[in-house]
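The values are calculated or read from the model by the stated rules, or taken from the named source; none is laboratory data. Keep in mind that what you see is a predicted model, and the values were worked out from it rather than measured. Virtual Cβ from ideal backbone geometry, glycine too; neighbours counted across all protein chains shown.
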Amino acid sequence: MKAETVEEFISELQKKAERGELLYIGQDLKRLDDLEKVLGSPVYTNDLLPRNALYARLVLSKYPHALIKGISISKALNYPGVRYVLTYKDVPGLNESSTIIPDRPLFAFDKVRSTGDIVAAVIAEKPTRAKEATELVEVDYEQLPAVFDPLEAMKPDAPKIHENGNIIKHVKVRKGDIEKGFQEADYIIENTFRTQHQDAVALETETAFAVPKDDKVLIIGSMQTPHHVQAAVAKVLGWPIDRVEVIQAVTGGAFGPKSDETPYDVASIAALGALKTGRPVLMSMTREESMKAHTKRHPAIITHKTGVKSNGKLTASKVQIVLDGGAYASLGVLVIVRATFHANGPYDIPNVWNDGYKVYTNNTYTGSFRGFGAPQAIFAAEAQMDEIARKLNIDPLDLRLINMLRPGSRTSTGQLMDESCGLPECVEAVVNASDYRNKRKQYESQNGTVRRGIGIALLHHGNALGPEGNDYAYIHLTVERSGKIHLGTGLTEYGTGAISGLAQIAASVLGVPLDYFVIDRPNTLVHHETGPTVASRVTAIGGNAARDAALKLKQKILPVASKMLECNVDDVVLVDGYAFCKGKEGRNVAWEEIVKEAYDANIELSTLGYYIAPECKWDPETGLGSPYNQYTFGAAIAEVEVDMETGQYRVLNYYVAFDVGKAINPQRVRGQILGGTVQGLGYAMMEELVHKNGYVVNPNLKDYYIPTSLDIPENIQTFIIEKAGSIGPYGAKIVAEPPIVLPAPAVRNALLNAVGSGVNSLPITSEKVLNAIKSSRK
Amino acid sequence: MKSLLIKMNVNGVDREVLVDPDDRLLDVLRDELNLKSVKEGCGTGDCGICTVLMDGKPVLSCIIPAFQANNHKIVTLEGLNSDPTMQKIQQSFRKYQAAQCGFCTPAMEVVGWHLLNTEKKVDKNRIKEAISGVLCRCTGYYDIVDAVYEVAQQ
Ligand code: FES
Ligand code: FES
């Protein structure tokens with residue numbers, strides 16, 4: 001506090017005390033973990049590697065589908081510097097590296113199903129030696145017929161990739177009477193949309209090293225879910241999980257793939273290597289290994305059939321989503337659930353019929369990635385809305401205003417929207433900021449070579465896990481004698497700042513400045529298994545556990561302070577690191593003094609906070625019910641400029657609003673919106689991990705483009721709307737994922753406005769735009 | 001056994017290091033000299049996060065063979081941590097929360113520092129150009145540009 005006099009100091013304390021538990025909520029407090037980052041301190045996995053370590057490199061499958069007739073490692077083993085070659089024969093426990101469906105071996109043994117399959121790992125004194133020796137591992141393959149198109153793979157006579165057929169998962173939504181809905185319609189509009197493989201490109205690839213420790217193994221790695229990695233490694237080793245200690249190092253980006261199966265692979269290979277050689281082993285994927293072997297965003301083929309009245313009211317929506325799952329199920333069996341539940345967009349439609357399929361193919365496998373099925377689903381749903389508007393000849397904004405979710409309306413699964421539905425406010429914010437109506441008019445009659453367009457897209461995003469699992473979290477708070485507060489949890493930080501947000505919540509409850517907190521590294525032997533750090537759920541779910549832990553700690557602190565201040569417990573107020581007695585602000589004691597007093601009085605100061613979200617109830621046969629406890633809403637407007645001769649375009653302006661319930665730290669909410677938007681612009685405009693006959697054509701950052709600082713829109717405006725949700729702390733909703741969803745449909749619809757014809761597949765390259773221009777001239 | 005002896009001035013200190021012919025400058029800086037701020041994101045010269053200064057200019061340490069650094073001057077973030085301009089940049093990165101996962105941060109700061117030390121007047125477009133060789137997947141670049149810009153105005 002910057003107070004000149006005692007009076008000022010007291011009046012500031014009083015002012016802050018009025019905020020009560022909200023003391024620091026909604027403030028841009030800085031993150032606790034960035035000093036080491038800006039200094040370049042050695043905190044990431046590869047920085048911590050012991051000096052005597054060995055290095056592993058992967059032998060990946062040569063064919064997309066083949067039987068393995070034999071593997072010979074002797075030449076590789078004799079190569080200078082090579083210490084070991086791991087294959088399936090070295091797995092003492094279960095040769096399995098999978099999240100939900102046990103369909104993926106760690107090392108291929110009987111057959112390979114994609115060119116991302118791992119056949120062996122060479123362990124050598126230097127990464128270069130290991131790499132060279134991978135060429136010497138001889139694998140005798142017998143090629144099998146393969147299938148790369150998910151629609152082909154669904155046919156009964158398609159090559160079988162696994163025993164039980166190629167459809168991994170079928171998700172349904174059945175609401176109302178779809179045929180009646182189409183009969184009531186004045187128009188029926190049908191379209192097919194396609195999306196591509198997107199690679200997350202966390203700048204740090206998947207990496208882990210293992211150190212043998214007596215009858216245990218220590219693993220340090222880059223990951224989202226240390227407890228899941230622990231269980232996976234234990235399974236491979238055939239050990240009880242307590243003998244595997246996993247510590248999450250500071251993680252250089254994650255975005256979903258680091259919650260899926262690849263972190264299991266690198267940790268298990270490092271562990272096996274360490275146990276075989278008795279030395280630390282680093283399995284740090286090269287960019288090429290990562291882009292071939294890790295999970296990507298599912299390509300999707302999405303067909304929409306929509307019934308609409310001439311007044312714009314939607315009567316029926318029938319959607320089929322087919323996700324190319326690649327060779328393994330991964331967390332993708334949950335991705336298809338989210339995709340199917342969000343397939344119709346944020347609209348109140350009385351009759352709905354959705355079928356979502358996740359299908360095996362011989363492409364490299366796909367899984368968890370920021371947005372988790374929503375980017376594909378919402379791209380198609382929002383493109384379809386603009387096609388409907390075009391058919392009815394009404395403004396796409398008006399079509400949305402007629403049908404969109406607002407308090408009192410129902411989602412595709414019949415879930416009732418209450419006051420926490422802030423979609424109308426999001427729309428209003430971006431429409432006003434962008435001057436949408438005027439620009440739309442202005443762009444109606446353009447003739448030049450360079451033309452502009454403006455387009456809108458909306459979303460709803462079911463919060464946290466919902467149908468994807470039990471939504472719980474533990475947070476430990478431990479106070480040292482010095483007054484420092486340790487926050488420990490199995491939830492992980494990988495850049496969003498969300499774990500600092502947990503400390504911000506605890507600080508706010510305890511009335512202690514944020515800099516009293518330190519965040520402990522997640523360690524599976526120290527922290528409780530606490531569910532995965534996915535679905536943007538740290539703040540909404542973990543925040544409640546942090547609040548719970550802090551409230552429990554406060555209950556221990558208050559009586560001590562009350563004694564020290566000779567004050568009734570109920571009148572003790574904790575603010576900014578001081579306790580005082582209401583009405584007697586002049587006399588106060590500092591947090592450190594209270595802590596010392598507590599310890600001297602034999603009161604230990606540690607608490608465990610816990611929270612589990614209310615169970616989500618829906619019918620798995622019809623999808624009907626409330627699959628999510630609360631929803632985030634968003635709206636974006638993109639404005640583009642197109643060269644009609646080349647099809648080249650750029651995004652000039654981007655306006656985006658999210659209803660996040662309550663922004664615990666608005667600066668970081670904005671950080672997520674900006675980062676997600678640019679990753680989403682990459683998805684919209686340039687990113688495609690191209691597969692050709694099962695081979696990844698561009699597994700490097702030379703040929704796979706992600707946005708650089710020169711690709712971002714000059715003008716981006718973000719708006720935060722706060723309509724409190726029912727479960728998050730202080731009404732907070734999730735925010736990290738939704739921003740990636742809106743750029744693709746908003747840009748697509750802006751281009752439609754500019755050139756008069758829509759592009760229905762991602763990424764929207766200038767070539768596709770040029771084709772659209774040509775087709776609209778016909 | 002490592003076979004070549006090279007001499008470099010690294011962060012102001014003369015060093016002699018034994019290297020292999022296939023060692024990259026990146027490996028020597030990280031593994032031999034323990035300068036872990038230098039990160040590897042691709043190993044193919046495409047992401048920029050291995051950027052260091054060689055004779056005062058930004059270079060990609062993952063595509064420079066170590067022996068080519070013989071008799072050259074190398075500066076990494078560790079060598080700039082006590083420089084006043086770098087400290088301002090670091091404070092500004094914290095203020096704007098421009099280090100999210102932080103993996104690109106050392107390279108961004110080094111490139112930003114180099115820009116501010118070589119050009120008098122820089123606007124946001126110039127900063128965008130200067131950092132365009134360094135990828136960031138977390139921030140969307142806006143906060144990084146703002147962080148460098150704030151120091152540029154001082
Ligand atoms: S690691 Fe050197 S450019 Fe990517
Ligand atoms: S902060 Fe994560 S890559 Fe830039």
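Within segment A:371-397, how many residues are crowded, with 24+ Cβ neighbours inside 10 Å and either in the same structural domain as A:S536 (by TED's automatic domain parsing) or at positive phi (or both)?
The number of residues fulfilling the criteria is 3.
Go through segment B:92-116 and report how many residues are out of contact with any Leu (no Cβ under 8 Å at 6 or more places or on another chain), outside any loop (DSSP other than H, G, I, E, B) and at the interface with another protein chain (Cβ under 7 Å from one of its Cβ atoms).
2
At least 3 residues that are free of Cβ contacts under 8 Å to residues at least 60 places away in the same chain in each: list the helices (runs of 4 or more DSSP H) lying fully within segment A:1-120 that qualify.
On the way: elements: A:6-18, A:35-39, A:74-77.
Output list reads A:6-18, A:35-39.
Is it the case that B:G140 is under 19 Å from A:Q679 (Cα atoms), at pLDDT 95 or above and within 16 Å of ligand 1 (Cβ to nearest atom)? If you could, list the steps in order and put the result at the bottom.
On the way: under 19 Å from A:Q679 (Cα atoms): yes; at pLDDT 95 or above: yes; within 16 Å of ligand 1 (Cβ to nearest atom): no.
So B:G140 does not fit the description; no.
I need the strands (runs of 3 or more DSSP E) fully contained in segment A:169-229, keeping only those with at least 3 residues that are modelled with pLDDT under 95.
Once the strands (runs of 3 or more DSSP E) in segment A:169-229 are filtered for at least 3 residues that are modelled with pLDDT under 95, nothing remains.
Inspect all residues belonging to segment A:62-72 and state whether any of them is of a type in the set (G, A, S), closer than 24 Å to A:A124 by Cα, surrounded by fewer than 18 Cβ atoms within 10 Å (Cβ to Cβ) and away from chain B (no Cβ under 14 Å).
Looking through segment A:62-72, at least one residue is of a type in the set (G, A, S), closer than 24 Å to A:A124 by Cα, surrounded by fewer than 18 Cβ atoms within 10 Å (Cβ to Cβ) and away from chain B (no Cβ under 14 Å).
Which members of segment A:262-279 meet the condition of being farther than 17 Å from A:G93 by Cα and buried (at least 21 other Cβ atoms within 10 Å of the Cβ)?
Step one: of segment A:262-279, the residues farther than 17 Å from A:G93 by Cα are A:262-263, A:277-279.
Selection gives A:T262, A:P263.
Quick one: is B:T51 among the polar types (S, T, N, Q) and either within 29 Å of A:R287 (Cα to Cα) or in the same structural domain as B:L29 (by TED's automatic domain parsing) (or both)?
yes
Please count how many residues of segment A:701-723 are in contact (Cβ under 8 Å) with a residue 60 or more places away in the chain and surrounded by 17 or more Cβ atoms within 10 Å (Cβ to Cβ). Break it down stepwise before answering.
Keep residues of segment A:701-723 that are in contact (Cβ under 8 Å) with a residue 60 or more places away in the chain, which gives A:701, A:704, A:706, A:713-723.
Next, only the ones that are surrounded by 17 or more Cβ atoms within 10 Å (Cβ to Cβ) stay: A:701, A:704, A:706, A:713, A:716, A:718-723.
Qualifying residue count, segment A:701-723: 11.
Pick from B:G48, B:G43: which is within 14 Å of B:L135 (Cα to Cα), over 12 Å from the mean Cα position of the chain (by Cα) and either within 9 Å of ligand 1 (Cβ to nearest atom) or more than 8 Å from chain A (Cβ to nearest Cβ) (or both)?
Details: B:G48 fails: over 12 Å from the mean Cα position of the chain (by Cα).
Just one listed residue meets the conditions, B:G43.
Return the residues of segment A:255-301 that are among the polar types (S, T, N, Q), in contact with a strand residue (DSSP E or B) (Cβ under 8 Å, 6 or more places away or on another chain) and not in a loop (DSSP other than H, G, I, E, B); say none if nothing qualifies.
A:T277, A:S284
Only one of (1) within 12 Å of chain A (Cβ to nearest Cβ); (2) over 23 Å from A:L710 (Cα atoms); (3) surrounded by fewer than 21 Cβ atoms within 10 Å (Cβ to Cβ) fails for B:T76. Which number is that?
(3)
Write out, first by first residue and then by second, each pair whose Cβ atoms fall under 6 Å of each other, whose residues are 6+ apart or on separate chains, and whose first residue, in segment B:18-34, is facing chain A (nearest Cβ under 8 Å) and touching a residue at least 24 places away in the same chain (Cβ under 8 Å) while the second is more than 16 Å from ligand 2 (Cβ to nearest atom) and among the hydroxyl-bearing types (S, T, Y).
B:D22/A:T128
When segment B:117-154 is examined, which residues are found to be surrounded by fewer than 21 Cβ atoms within 10 Å (Cβ to Cβ), within 27 Å of B:G43 (Cα to Cα) and either more than 9 Å from chain A (Cβ to nearest Cβ) or touching a residue at least 60 places away in the same chain (Cβ under 8 Å) (or both)?
Matches in segment B:117-154: B:R126, B:G133.
Before we move on, is A:T492 touching a Pro at 6+ places or on another chain (Cβ under 8 Å), closer than 23 Å to A:L674 by Cβ and in the same structural domain as A:D548 (by TED's automatic domain parsing)?
Values: touching a Pro at 6+ places or on another chain (Cβ under 8 Å): yes; closer than 23 Å to A:L674 by Cβ: yes; in the same structural domain as A:D548 (by TED's automatic domain parsing): yes.
Considered against the rule, which asks whether it is touching a Pro at 6+ places or on another chain (Cβ under 8 Å), closer than 23 Å to A:L674 by Cβ and in the same structural domain as A:D548 (by TED's automatic domain parsing), A:T492 comes out as yes.
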